[in-house]
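The values are calculated or read from the model by the stated rules, or taken from the named source; none is laboratory data. Note that the structure is a prediction, hence the values are computed from the model and not measured. Note that we place each Cβ from the backbone using ideal geometry, even for glycine, and neighbour counts take in every protein chain shown. SASA here: full protein model, heavy atoms, side chains in, ligands and nucleic acids out. Shrake-Rupley method; radii C 1.70, N 1.55, O 1.52, S 1.80 Å.
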Amino acid sequence: IRKVEGMYDTARVIKAGDVLIEFDGNPIGPDGTVAFRGRERLSFAYLLLRKFVGDKAMVTVMRKGRKIGNLEFSLESRKSLIPRYLVPENARPSYYIHSGLVFTVLSHPYLATCFGSHWEDN
């Protein structure tokens, strides 16, 4: 696991650096595959895609060299950082992100927040 988003239930049980070794009782191979129909193997994502939002999942991980089993969490849909009702359908955002910088329209409320309510007087 490279990164775990803090706003999801998984952050409660899975940590960055963990290695998934079992998902719902199905062992995960070193190549990230699981057994399927006898001798065939599929990507671990196959097991995840069979789940629905709200379903529980049980995993076993290796954490700092120790096997930790029976970690249960709920699967959740991706949460939007901006409420959907604020962004009309198919609308482009009013900001642009490039190389970690956020560019947005200069506005009166922004100037008042940064430079005080009397920013026009300066």
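Kindly provide the set of residues from region 76-122 that are in a strand (DSSP E or B) and either more than 28 Å from A11 (Cα to Cα) or modelled with pLDDT under 80 (or both), ordered by number. Give the derivation first.
Our first condition is that a residue be in a strand (DSSP E or B); within region 76-122, this holds for 95-98, 101-104.
Of everything in region 76-122, those that are in a strand (DSSP E or B) and either more than 28 Å from A11 (Cα to Cα) or modelled with pLDDT under 80 (or both) turn out to be Y95, Y96, H98, F103, T104.
Name the single residue that is nearest to L75 (Cα to Cα) among those in region 1-42 being in contact (Cβ under 8 Å) with a residue 24 or more places away in the chain, part of a loop (DSSP other than H, G, I, E, B) and open to solvent by less than 70 Å² (accessible area, probe 1.4 Å).
Y8
Any idea how many residues of region 54-65 are under 19 Å from G32 (Cα atoms) and assigned to a strand (DSSP E or B)?
Total satisfying the criteria: 7.
When region 43-61 is examined, which residues are found to be closer than 11 Å to L20 by Cβ and exposed (fewer than 14 other Cβ atoms within 10 Å of the Cβ)?
Let us first name the residues in region 43-61 that are closer than 11 Å to L20 by Cβ, namely 44, 47-48, 57, 59-61.
Across region 43-61, the qualifying residue is only L48.
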